[in-house]
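Comments concern the structure below.
The values are calculated or read from the model by the stated rules, or taken from the named source; none is laboratory data. Since the model is a prediction, treat every value here as computed from it, not as a measurement. Cβ placement follows ideal geometry from the backbone for every residue including glycine, while neighbour counts extend to all protein chains displayed.
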Amino acid sequence: MSDNITSVLFVCLGNICRSPSAEAVFRHKVKQAGLYVGVDSAGTHGFHKASPPDARSIEAGESRGYDFEGIVCRRVTEQDFEQFDLILAMDEENLENLMEKCPEEYQHKVKLFMSYSEEEEEVVPDPYYGGKKGFEYVLTLIESASDGLIQHIQTS
Ligand code: 4NP
């Protein structure tokens, strides 16, 4: 893995809850840290294509000071594997799905986002069918993994 990380793509299933939240949180932390890293998000499926993030994700994120401006749902494309330095899956299903589509030469870029966190959780669980608490928990995990990734970028 190249340690020169200049772009990161966050990936979940629908690209309306977890990965857009990761995009909002991580771009905030990148700016705070004074780094220059391109940040985007996408879904392995396209059912919500062109939609804004889920209102519950926006509410939870904005209450912690994150900005969702300009974030629009899209599906992962072939070009993403070439274009991004890191492609971070929220859970094992997303990871498997990405690995099926990813050309072998780029597979080293595809990882679980939570591998950068010190939390015990190994994945960011899908909050879509649950309540508000789930969205708060998702944000807490995303903040932790984002801090770990920022630290990795700063020290590598
Ligand atoms: P996400 O959550 O993968 O975190 O965006 C979901 C969004 C939509 C659906 C499932 C999960 N859905 O079934 O429509």
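Side notes on the structure shown:
- Identification of helices (runs of 4 or more DSSP H) wholly contained in the stretch 1-100 with 2 or more residues that are within 17 Å of E136 (Cα to Cα) yields 18-32, 55-62.
- The residues of the stretch 114-127 that are out of contact with any Lys or Arg (no Cβ under 9 Å at 6 or more places or on another chain) and not polar (S, T, N, Q), listed by number, are M114, Y116, E118, E119, E120, E121, E122, V123.
- Each residue in the stretch 28-63 was checked for being among the basic types (K, R) and either modelled with pLDDT under 95 or surrounded by 23 or more Cβ atoms within 10 Å (Cβ to Cβ) (or both), and 1 of them qualify.
- Selection within the stretch 90-119 - touching a residue at least 60 places away in the same chain (Cβ under 8 Å), under 21 Å from S156 (Cα atoms) and in contact with a helix residue (DSSP H, G or I) (Cβ under 9 Å, 6 or more places away or on another chain): K109, F113
- Which listed residue, of D85, D67, D40, D147, is more than 14 Å from the ligand (Cβ to nearest atom) and closer than 16 Å to G14 by Cβ: D40
- Scan of the stretch 101-111 for residues that are under 15 Å from S7 (Cα atoms) and part of a loop (DSSP other than H, G, I, E, B), ordered by number: none
- V123 vs. criteria in contact with a Pro (Cβ under 7 Å, 6 or more places away or on another chain), of a type in the set (V, I, T) and either part of a loop (DSSP other than H, G, I, E, B) or in contact (Cβ under 8 Å) with a residue 40 or more places away in the chain (or both): no
- For T77, the criteria (1) polar (S, T, N, Q); (2) within 16 Å of the chain's Cα centre (by Cα); (3) within 12 Å of the ligand (Cβ to nearest atom) hold in every case but one, which is (3).
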